[in-house]
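Enquirer: Input: one structure, supplied below.
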Amino acid sequence: MFDMTYFTPYEAAPSLFHIYEPGDVHCTLIVGRERALLFDTGYGFCDIREAVSALTDLPLTIVNSHGHLDHAGGNFWFEQKIYIHPYERQVYDLYQKEKESLMDRMWSLYQQGKKPRPWPEGFDRQDYYSYKPCSFIDLTDGQVFDLGGRIVEVFFFPGHTRGCVALYDHQSGLLLSGDNLGHSIWIMFEQSAPLAEYRSCLCRLKDSFDIKGILGSHYGGIYPASLIDTVIQCIDQRHDGNSTIFTHPRKGYKALRRKVPLTGVPGIKDLYLVYPFD
């Protein structure tokens, strides 16, 4: 195994690794008999290829859940083309331009003792600020990746952004949800899908797959499949009286936030849904 001083893998299912990065995000590696698939590449503060190569030497397919920096920022470490929904190419470019403000906030939280150190010693922030070009291939809804005895299927999932995708691993029954399912769900950005469209996708998701559990990008464990019903109920029962004002910590614009109890998730008591004013 590689030196776990930065990336930390957790085997959530046989040959399926949830890889933690100190910027508080996870990438996920699925290994078949003939190929492996990496879902997201993290911030790119450290070379994620080292983590992947320590876990498998198989040919690699890379898929971005969406274009935000914490999910696609590490794309530049790879020379190959990366699969992403076409809507997300613009999001990727936008967040390449927001690196400095995002990193300033991360460093501030670290200095306040609220977050771990986000990048390793010797990291060159000025070099990282530069635009990191990469080559993309368009993803389609229902696209299938055959890893050799292991099928991974793409689910087009507009919500957090309009071009979000999830992956369903047919072997383990786990759904890789990116930022679209978790204990803190933000459907508040200019690039987000309408809340009604997101809800419709949640219903379609339940009908499409036999989901045994959910791997979100910002939680190290496995959410129960019942999380989907909890989120749908949270959406359906929201109103101004049970929501509070939420202010984006970097950009300052406002949205609504609803908090509901969340059961069956170790270390997490509540679910937060952030959504725009009607």
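Enquirer: To check my understanding: the extent here is largest minus smallest coordinate of the Cα atoms along each principal axis. What are those three numbers for the stretch 103-196, in Å, largest first?
Expert: 43, 35, 27
Enquirer: Can you bin the stretch 123-254 into rounded, prolate or oblate? Criterion: square roots of the alpha carbon gyration tensor eigenvalues sorted a ≥ b ≥ c, rounded for a/c under 1.5, prolate for a/b above b/c, oblate for the rest.
Expert: Here the stretch 123-254 falls in the oblate category.
Enquirer: Name the residue, out of ALA196, ALA255, ALA72, whose mean-square fluctuation peaks in a Gaussian network model built on the chain with Cα pairs under 10 Å.
Expert: Residue with maximal mean-square fluctuation among ALA196, ALA255, ALA72: ALA196.
Enquirer: Now, a different point. Return the calculated 222 nm mean residue ellipticity for the chain, to the nearest 500 deg cm²/dmol, obtained by summing -39500 (n - 2.57) across DSSP H runs with n ≥ 4 and dividing by the residue count.
Expert: Mean residue ellipticity at 222 nm (helix-derived): -6500 deg cm²/dmol.
Enquirer: Any chance you could check the Cα centroid distance between the stretch 86-100 and the stretch 180-224 for me, in angstrom?
Expert: The stretch 86-100 and the stretch 180-224 have Cα centres spaced 21 Å from each other.
Enquirer: When the dipole is taken about the Cα centre of the stretch 8-225, and only Lys, Arg (+1) and Asp, Glu (-1) are charged at their Cβ, what size is it in debye, to the nearest 20?
Expert: Working: 19 positive and 28 negative charges, 69 e Å.
That gives a dipole near 340 debye.
Enquirer: What list of whole percents do you get for P(r) of the stretch 42-161, with Cα-Cα distances grouped in 5 Å bins up to the one holding the largest distance?
Expert: The percentages, shortest bin first, are 2, 9, 18, 21, 19, 15, 9, 5, 1, 0.
Enquirer: Tally Lys and Arg at +1 and Asp and Glu at -1 over the other residues with C-beta under 12 Å from the C-beta of VAL154: what net charge comes out? Intermediate results must be reported in sequence, preceding the final value.
Expert: Values: positive: none; negative: ASP138, ASP141, GLU153, ASP169.
Charge balance near VAL154 sits at -4.
Enquirer: GNM, the chain, Cα, under 10 Å: largest mean-square fluctuation among PHE123, PHE78, PHE45?
Expert: Comparing PHE123, PHE78, PHE45 in a Gaussian network model of the chain, the most mobile one is PHE123.
Enquirer: Still on this structure, I have one more. Select from TYR131, TRP107, GLY73 the residue farthest towards the positive end of the dipole of the chain; place +1 on Cβ of Lys and Arg, -1 on Cβ of Asp and Glu, and compute about the Cα centre.
Expert: TRP107
Enquirer: If contacts are Cα pairs under 8 angstrom and at least 6 residues apart, what is the relative contact order of the stretch 8-225 in percent?
Expert: Dividing the mean separation by the residue count of the stretch 8-225 yields 18 percent.
Enquirer: To one decimal place, what orientation-averaged projected area in nm² is obtained for the convex hull of the Cα set of the stretch 175-240?
Expert: 4.7
Enquirer: Sort the stretch 1-55 into rounded, prolate or oblate with this rule: let a ≥ b ≥ c be the square roots of the eigenvalues of the Cα gyration tensor; rounded if a/c is under 1.5, and if a/c is not under 1.5, prolate when a/b is larger than b/c, oblate otherwise.
Expert: Prolate, since a/c reaches 1.5 and a/b exceeds b/c.
Enquirer: Here is a further query. Show log10 I(q)/I(0) for the stretch 8-225 at q = 0.10, 0.14, 0.16, 0.18 Å⁻¹, two decimals, from a solvent-free Debye sum over equal Cα scatterers.
Expert: The Cα Debye sum returns log10 ratios of -0.40, -0.82, -1.10, -1.42.
Values in this text are rule-based calculations from the coordinates and carry no lab data. Being a predicted model, the structure only gives us computed values, none of them experimental. Note that we place each Cβ from the backbone using ideal geometry, even for glycine, and neighbour counts take in every protein chain shown.
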